[in-house]
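Peer 1: Below is the structure I would like to discuss, written out as structure tokens.
The values are calculated or read from the model by the stated rules, or taken from the named source; none is laboratory data. Just so we're clear, the structure is a prediction, and the values are computed from it rather than from any experiment. Cβ sites come from the backbone with ideal geometry, for glycine too, and all protein chains shown count toward neighbours. Surface accessibility is based on the protein's heavy atoms, side chains included, excluding ligands, DNA and RNA. Shrake-Rupley method; radii C 1.70, N 1.55, O 1.52, S 1.80 Å.
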Amino acid sequence: MDEDILTTLKILIIGESGVGKSSLLLRFTDDTFDPELAATIGVDFKVKTISVDGNKAKLAIWDTAGQERFRTLTPSYYRGAQGVILVYDVTRRDTFLKLDNWLNELETYCTRNDIVKMLVGNKIDKENRAVDRNEGLKFARKHSMLFIEASAKTCDGVQCAFEELVEKIIQTPGLWESESQNRGVKLSNQEEGYGGRACGGYCSML
Amino acid sequence: MRATAQWLHKMAADSEPESEVFEITDFTTASEWERFISKVEEVLNDWKLIGVSSGKPLEKGVYTTGIWEEKSDEISFADFRFSITHHYLVQEASYKDGKEELVEDALPLSMQDLLCMDNDFPPRAHCLVRWYGLREFVVIAPAANNDAVLSESKCNLLLSSVSIALGNTGCQVPLFVQIHHKWRRMYVGECQGHGVRTDFEMVHLRKVPNQYTHLSGLLDIFKSKIGCPLTPLPPVSIAIRLTYVLQDWQQYFWPQQPPDIDALIGGEVGGLEFGKLPFGACEDPISELHLAATWPHLTEGIIVDNDVYSDLDPIQAPQWSVRIRKADNPQCLLGDFLTEFFKLCRRKESTDEILGRSTFEEDGKEVADITHALSKLTEPAPVPIHKLSVTNMVHSAKKKIRKHRGVDDSPLNIEVLNTIMLFLFPDAADKLTNGSEARPSTSRNNPPPESEEYNLYSQFKSAPSDSLTYKLALCLCMINFYHGGVKGVAHLWQEFVVEMRRRWEKNYLIPGLANGSPDLRCCLLHQKLQMLNCCIERKQARDEGKKTYTSDRSPSGSSCDTGKAVVRSGGDYQKETEKERGEVGKSWESWSDSEEEFFECLSDTEELKGNGQENGKKGTKEGSKESANLKPEGRLHPHGKLTLLHPGEPLYIPVTQEPAPMTEDLLEEQSEVLAKLGTSAEGAHLRARMQSACLLSDMESFKAANPGCCLEDFVRWYSPRDYIEEEVVDEEGNRVLKGELSARMKIPSNMWVEAWETAKPVPARRQRRLFDDTREAEKVLHYLAVQKPADLARHLLPCVIHAAVLKVKEEETLEDIASVKKIIKQIISHSSKVLRFPNPEDKKLEEIIAQIMSAEAIIARARSLKAKFGIEKCDQEEEKEDLERFVNCLLEQPEVSVIGAGRGPAGSIIHKLFVNAQRMTESSDEVATMTSLDEELKRSGSSDERRLNLGAVADFPPPAGRELILRITVPRPAPYSKPLPQRMYSVITKEDFRLAGAFSADTTFF
């Protein structure tokens, strides 16, 4: 494992089928776009290390299938995620209207309540837009999420979305420090001192 | 180096340029003493204590409300180490800015403080603050605790060093030296200002010389010490505080005893008590009450206090303040329960080791016996099963234990075990034998679901407060404490596991668990039990299906109403992956077809008669024409809106296999396996394949339900957005809807197409089981069986903490204590951080338990005080509120002043408490005839009267502490000297007598 990696973060990508979740991920991890990307079955998984504010974070990104019939399977993977990217298709209003369902699902299956959420309106390169940017903005504000519009095809906003999300997670100390601290203790008791130091201000909140 | 330091000090001290001095000073032969002095100076310099001290007069009570800080350093005299410490009251920065003109010859602040009367007798302060009223001082004391400066010459040497250092630096902060043994708290010191000096002196004796036990004697010594030439002397100002200690709360017996366990199990509703945690202190958490009667401003001559007469009657004192002494770590029930339970976590032994090694060797036989016995009972019969089943379980366990360790050594008494099993499995009591009827029962006293309190389990990762897991945790906690400790725990756990197996084998649902897949927000043990219930439910459904099969009926019973995708259990995945790594390119058959296991074995053979297996097998590659002729199977209901594209028949939603329930450990295993495949295209492909079992199963079900269907039909149901419909105008000019698969579904040989081609029309009930309930149940049962008591305690600790927090909350609402509310909030936020992760650190768990214990102790103290002050008995609403406020202050502040002193409502109660205590001690000492208490009280109005009544007992015991502060401003040493503050503090307690004098003298005009 790399020495200089601050933390490993688990990120989820969820949203209705065909909104471009896998394409966003592919654009982010491989910087490519494939118009003929097969529909995801179950969950898929990609890893990427990024650097935000000089902190290196390893992202384990879980891409999920959007089909309703897969939903009984995918929420099991929500466990332990620190960040979630909720995607809708700006050219398909129905994908926007279903967002509430997805948030409910998150609420039910997420094991932590302080998970950082980001709303992404995808496919802004297309001409037949059906959801106004302001609507997305309003929805995000209502549910205290980060918001960005993006296009996996033209690359707009994709990098930025992931970076913002990671930065926000890193700024929320309880979200990730406690985990690394926990891991440190599991290794051996000698690490305890290190773990104690790493938790810094968090412990004093006691 | 030293020369420079000295040089700098001089510069700093005098701020006069000494550049004309070219003389070489030789420090090479400097003595240890000189070096010591220079080190002291250095430290004073570092701390910027040099020069004129400035500051505002102190506010009233600031010594209590303000913040005290200290700074320390170490210096040595030869090889003797001293610590030097600066104690100071933190003052607002503006005070130190010193915008007001610094008056050069103003008295040093400390000297002014000597006279300040606003901060006498601070409840919590350094002793030097209490004795001299200082806001700032420096102490030099031996660094090691058992070191002491004993000889007089050494003491003098130190004092001279201090004097020289102060003189050299111009520091105006008083500098003390601690002499003699530390416990004696003997200090001598000095403070220097411009032309003035204060000497701090001290006398400390074991026994009080007779002449100093009263005010007049102390005034004499004070005056003689001042030795002021003026006549007449201005009057001395006097502050007096007498402290009385109350230890015997005679009228009040602490009523709480540890609950009698035999009484608990005697009653029929014993279970109710098992679901509760005890609460409260077993001993009085308040040990003493200290009453301080204070006369803050007296002037010499106003009162008389000598060896024959005293005006100092505490009842008459203008100020009363009270403090309580809390018992250190009072024994409290809840705390004990928690601590003992937590200790379990560190046990190493396995259940077998505790109960006797060979228990499990014979287990098979034993279990067979039980099941045999039980099978008789569990046949549908109008016999309530509970008594029999429970006693039977108990008997079997008893038998086992008897074999290995003799009759009397059984860890759990049979009635206790009976009561617990009935409490845990109430369905045994109120249901007849048909176990499938058993449903989770909810107890009445729980917070309603959706409430914040109810949902605490998701924060603590425990279990809902009405669940079996939660109840089990409480029972184990109770057993651990009262019924044989770890042995009892091991015993109950063994019984519990046997009961779990019995339920699995007999198809009885486990009560007290929410339906459906394991709730990942709960602790793992709870998830495991839920998993077992899922398995039982499936098995029930299968057995049901065997008995009463109808072709329309869904194979998994009514619960399978909505079609759902399915995933296989984690174990399957692992196995499959290992297999697949070698043979990635293998055909679909490897995942989908397996002849040995079908979802519903029995009905399969029945079906063969009607439909014929060949059809099922042929259908695969023959295309839609032939399969269209098949009889549709496994339909759930018509889709309603959609029809098949080709035959135009209504599209039916098929019965599908239900999703496999997952516990978090399985899930973790599975995601690890999936993640291990890596991020390459191949890995992704393999990952998709591994997860396609459910897709394939659904496709097969779909094909069976809709003969003649095509992939487009399936996609329209399964992933509607992948079927794109467009309005186009055809050749004849008609507008028609034309639909096609989305581009991604049309990718050649993508997995959806591939799966579709492989899928055979097989209804769910004849498909291979995606979830092997038998195997999963066995896995769970094995998991349960191998848990050691320590594992169990770790699993259930969150539940116990959860219950403890609820208990503290419940008790707190009765008392309404702000500080406890705050602690509860802290506990919850702290716990939700600690408990959410696997294997929390012991230290953090201990902290949580300590917090709960402190909350319990505070509540117990509040109760004790409320009882003592008779708040419940108080009729007047207003008075009651005042008393409550007073009691709350007592709990939270170090010292509380009593409004109205001895005449206020709280004051009169305190008075009564003392009178009662006095009466009791007297009557136990001597058999004296006494006037009744009331009569006595009536007469208590006048102290003189009482005093005259020689036979009567005094209301108060002799004061445990007697403090006096004498102050005066007079010129010293000569009549024409500057008038300077003089002060003497004296304290008399049972153990010692101390005089602490600060005598100032004019060093210019003497």
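Peer 1: With θ set to phi - 60° and the Karplus curve 6.51 cos²θ - 1.76 cosθ + 1.60, what are the ³J(HN,Hα) couplings of the range B:472-483 in order, to the nearest whole Hz, using x for Gly and Pro?
Peer 2: 4, 4, 5, 5, 5, 4, 5, 5, 4, 7, 10, 10
Peer 1: Ranked by accessible surface with a 1.4 Å probe, highest first, in what order do B:H685, B:H491, B:H297 come?
Peer 2: B:H297, B:H685, B:H491
Peer 1: Roughly how much accessible area, to the nearest 100 Å², goes out of reach of solvent when A and B pair up, both sides summed, probe 1.4 Å?
Peer 2: 4000
Peer 1: Going by average Cβ neighbours within 10 Å, how do the peptides B:806-812, B:861-867, A:137-143 rank, with the highest at the top?
Peer 2: Ranking the peptides B:806-812, B:861-867, A:137-143 by packing returns B:861-867, B:806-812, A:137-143.
Peer 1: Quick check for me: using +1 on Lys/Arg Cβ and -1 on Asp/Glu Cβ, what's the dipole size of the range A:90-179 about its Cα centre, in debye to the nearest 20?
Peer 2: It comes to approximately 420 debye.
Peer 1: Quick check: with the 1.4 Å probe, what order do B:T1004, B:T921, B:T294 take by accessible area, largest first?
Peer 2: My answer, sorted largest first, is B:T1004, B:T921, B:T294.
Peer 1: Tally up the carbon and sulfur contribution to the accessible surface of the range B:651-739 as a whole percent, 1.4 Å probe, everything protein left in place.
Peer 2: 45
Peer 1: Which percent of the accessible heavy-atom area of the range B:124-242 goes to carbon and sulfur, probe 1.4 angstrom?
Peer 2: Carbon and sulfur: 52 percent of the exposed surface of the range B:124-242.
Peer 1: Averaged per residue, what accessible area in Å² does the range B:166-252 show with a 1.4 Å probe, protein chains only?
Peer 2: Value for the range B:166-252: 42 Å² per residue.
Peer 1: Next up: Show the residues, 5+ positions off or on another chain, whose built amide H is closer than 5 Å to the amide H of B:L636.
Peer 2: Those lying under 5 Å, H to H, from B:L636 are B:I653, B:V655.
Peer 1: Which of A:Y77, A:A39, A:G136 sits farthest toward the positive end of the charge dipole of the range A:26-140, with +1 on the Cβ of Lys and Arg and -1 on the Cβ of Asp and Glu?
Peer 2: Value: A:Y77.
Peer 1: Okay, next question. Residues of the range B:705-726 with accessible area at least 40 Å² lower in the all-protein-chain context than alone (1.4 Å probe)?
Peer 2: Flagged in the range B:705-726: B:Y718, B:R721.
Peer 1: Assign unit charges at the C-beta atoms only (+1 for Lys and Arg, -1 for Asp and Glu), then state the dipole size of the range B:130-191 relative to its Cα centre in Debye, rounded to the nearest 20.
Peer 2: 240
Peer 1: Need the per-residue list for the range A:53-97: every residue with at least 10 Å² less accessible surface in the complex of protein chains than in the chain by itself, probe 1.4 Å, sorted by number.
Peer 2: By number: A:W62, A:Q67, A:R69, A:F70, A:T72, A:L73, A:S76, A:Y77, A:R79, A:R92, A:D94.
Peer 1: Apply the Karplus curve 6.51 cos²θ - 1.76 cosθ + 1.60, θ = phi - 60°, to the phi angles in the range B:866-880 and return the couplings in whole Hz, x for Gly and Pro.
Peer 2: Result, rounded to whole Hz: 4, 5, 5, 8, x, 5, 5, 7, 6, 8, 6, 4, 5, 4, 4.
Peer 1: Pop out the carbon and sulfur fraction of the accessible area of the range B:761-816 as a percent, whole number, probe 1.4 Å.
Peer 2: 54
Peer 1: Something else: Put +1 on the Cβ of each Lys and Arg and -1 on the Cβ of each Asp and Glu in the range B:37-88; which of B:F82, B:I37, B:Y63 then has its Cα farthest toward the positive end of the dipole?
Peer 2: B:Y63
Peer 1: Name the residues whose placed amide hydrogens come within less than 5 Å of the amide hydrogen of B:F77, ignoring near sequence neighbours (fewer than 5 apart) on the same chain.
Peer 2: B:F82
Peer 1: Take B:H795, B:H646 and sort them by solvent-accessible surface of the protein heavy atoms, 1.4 Å probe, largest at the top.
Peer 2: Accessible-area ranking of B:H795, B:H646, largest first: B:H646, B:H795.
Peer 1: Amide H neighbours of B:T643 under 5 Å, counting only residues 5+ apart in sequence or on other chains, H built in-plane at 1.01 Å?
Peer 2: Counting only residues 5 or more places away or on other chains, the set is B:L651.
Peer 1: How much accessible area does B:T65 have with a 1.4 Å probe, in Å² rounded to the nearest 10?
Peer 2: Per-residue accessible area (B:T65): approximately 110 Å².
Peer 1: Keeping all protein chains in the complex and leaving out DNA, RNA and ligands, what accessible area do you get for A:R133 with a 1.4 Å probe, in Å² to the nearest 10?
Peer 2: Its accessible surface works out to 110 Å², give or take rounding.
Peer 1: For the range B:200-209, in order, what is each residue's ³J(HN,Hα) by Karplus, 6.51 cos²θ - 1.76 cosθ + 1.60 with θ = phi - 60°, in whole Hz (x at glycine and Pro)?
Peer 2: Karplus values, whole Hz, x for Gly and Pro: 9, 10, 8, 10, 9, 10, 6, 10, 7, x.
Peer 1: Right, something else. Where in the range A:26-41 does accessible area fall by at least 20 Å² between the isolated chain and the complete protein assembly, at a 1.4 Å probe radius?
Peer 2: Listed in order, they are A:E36, A:L37, A:A38, A:A39, A:I41.
Peer 1: Let me cross-check B:E892: its accessible surface, 1.4 Å probe, with only protein heavy atoms counted, in Å² to the nearest 10?
Peer 2: So the heavy atoms of B:E892 present about 100 Å² to solvent.
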